[in-house]
1. How about region 188-206: which of its residues are outside any loop (DSSP other than H, G, I, E, B) and either on the phi > 0 side of the Ramachandran plot or open to solvent by 50 Å² or more (accessible area, probe 1.4 Å) (or both)?
2. Could you grab me the full set of residues in region 60-81 that are outside any strand (DSSP E or B) and either more than 23 Å from Tyr175 (Cα to Cα) or open to solvent by 60 Å² or more (accessible area, probe 1.4 Å) (or both)?
3. Does region 223-253 hold any residues that are touching a helix residue (DSSP H, G or I) at 6+ places or on another chain (Cβ under 7 Å) and part of a loop (DSSP other than H, G, I, E, B), and which are they?
4. Looking only at region 133-161, count every residue that is part of a strand (DSSP E or B) and either touching a Lys or Arg at 6+ places or on another chain (Cβ under 7 Å) or among the aliphatic types (A, V, I, L, M) (or both) and tell me the total.
5. Does region 167-185 contain any residue that is open to solvent by less than 10 Å² (accessible area, probe 1.4 Å) and out of contact with any Pro (no Cβ under 9 Å at 6 or more places or on another chain)?
6. Just a yes or no: is a residue in region 80-96 touching a residue at least 24 places away in the same chain (Cβ under 8 Å) and either under 16 Å from Leu157 (Cβ atoms) or in contact with a Lys or Arg (Cβ under 6 Å, 6 or more places away or on another chain) (or both)?
7. What number of residues within region 77-98 satisfy the criterion of being under 21 Å from Ser236 (Cβ atoms) and modelled with pLDDT of 90 or more?
8. So, Glu230, is that one closer than 26 Å to Arg111 by Cβ and without any contact (Cβ under 8 Å) to a residue 60 or more places away in the chain or not?
Amino acid sequence: MKETPLSNCERRFLLRAIEEKKRLDGRQTYDYRNIKITFGTDYGCCIVELGKTRVLGQVSCELVSPKLNRATEGILFFNLELSQMAAPAFEPGRQSDLLVKLNRLLERCLRNSKCIDTESLCVVAGEKVWQIRVDLHLLNHDGNIIDAASIAAIVALCHFRRPDVSVQGDEVTLYTPEERDPVPLSIHHMPICVSFAFFQQGTYLLVDPNEREERVMDGLLVIAMNKHREICTIQSSGGIMLLKDQVLRCSKIAGVKVMEITELIQKALENDQKVRKEGGKFGFAESIANQRITAFKMEKAPIDTSDVEEKAEEIISEAEPPSEVVSKPVLWTPGTAQIGEGIENSWGDLEDSEKEDDDEGGSDEAIILDSIKMDTGVGISNIGSQDAPIVLSDSEEEEMIILEPDKNPKKIRTQTISATQEKAPSKKSVKKRRKKRATN
């Protein structure tokens, strides 16, 4: 998956913020992100967090044959892996240009600077030497991989312990940690990389760029230095031209940052060694903060409890005293008792509102039925007798059919007037009255 490019708006926003000496995470120009170092249960295993960039370092060792041209020196090997877990842009199983550049820079920083005494790794000259392998895995990518990787590598090497060995003639005996204490590596100094990002062709400078700042930068300068202000390696990329004063200023800043990081590493190593000696809990699981997710989590507010007793006494004094009358139990039937007056059983009784609704509903139905009877004007009488004719009518003037048994139906012209129409005047009379008024 290809890396998602920044939009023009984001690019302009970042460059304008850098021109105003502002950064997205609130840091100043020369500020480093927070560094956190945690150790695993085994020696030589650590995780370094540089802001949101996380690198896992693991050191392992084995007895191998030495190189022909260096028969008395051990072998030091570094391997950095960029997995898709760190960023979707990293492709698995393929070495990108960035990965090759980072591996070469790590080898120059740690192996070519002779930070580890490789001659102390020799067991039998020309036959057996220790091969120290440092594996670095990028867990999360948020910029400045090389600084986090160099810190993780040197911390893992300082924390690592190799098994003790003894040589008797041609026999090489390897002891387990239970038989003999493991032996730490001989480390001369601790080189640490510090990255500087340049913008607008070297006009603006930032220390420890994050992932978004790396996308818009014009060039990168990496200086590897130890606490004695000795430059181990230096690399410039991006094709920008730097002045001598700019490089000297970066070296001075790197010296200060390396001193701070070295002190932090030494304190972390001392704390871990102290916890292991005292038999306390250690490892990655113990370093994770115990955070609980709760649905109803409220912030604690300070409460003044100095005059709680006085307020409690005032509330008690103002309250009404409890009643001294004690109700006697009433025995209705054997095995039952009632205390107090009690309430009548209202189960199944309708409430007042429901009763009113029922009454209103019944009256409405009666009114509707009466109106229907008045409007239709159908007279029904003597239903029980069969000889009586049935008269059907639903208008003022219409043909009515009288049904009689054993007789042919006869058409009779009749006029029926309902009770409401008898009371109200007819339409014709109303129209005549309106015409007379109009003529007058």
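The values are calculated or read from the model by the stated rules, or taken from the named source; none is laboratory data. If you're wondering where the values come from, they're calculated on a predicted model, not measured in any experiment. Positions of Cβ are generated from backbone atoms using ideal geometry, with glycine treated the same way; all protein chains shown enter the neighbour counts. Note: accessible area is taken over every heavy atom of the protein model, side chains too, but ligands, DNA and RNA are not part of it. Shrake-Rupley method; radii C 1.70, N 1.55, O 1.52, S 1.80 Å.
1. Of everything in region 188-206, just one residue is outside any loop (DSSP other than H, G, I, E, B) and either on the phi > 0 side of the Ramachandran plot or open to solvent by 50 Å² or more (accessible area, probe 1.4 Å) (or both), namely Tyr204.
2. Listed by number, the residues that qualify are Ser65, Lys67, Leu68, Asn69, Arg70, Ala71, Thr72.
3. Across region 223-253, the qualifying residues are Asn226, Lys227, Arg229.
4. Residues flagged as part of a strand (DSSP E or B) and either touching a Lys or Arg at 6+ places or on another chain (Cβ under 7 Å) or among the aliphatic types (A, V, I, L, M) (or both) within region 133-161 amount to 5.
5. no
6. Yes: one or more hits.
7. Count: 1.
8. Yes; evaluated as a whole, the condition is true for this residue.
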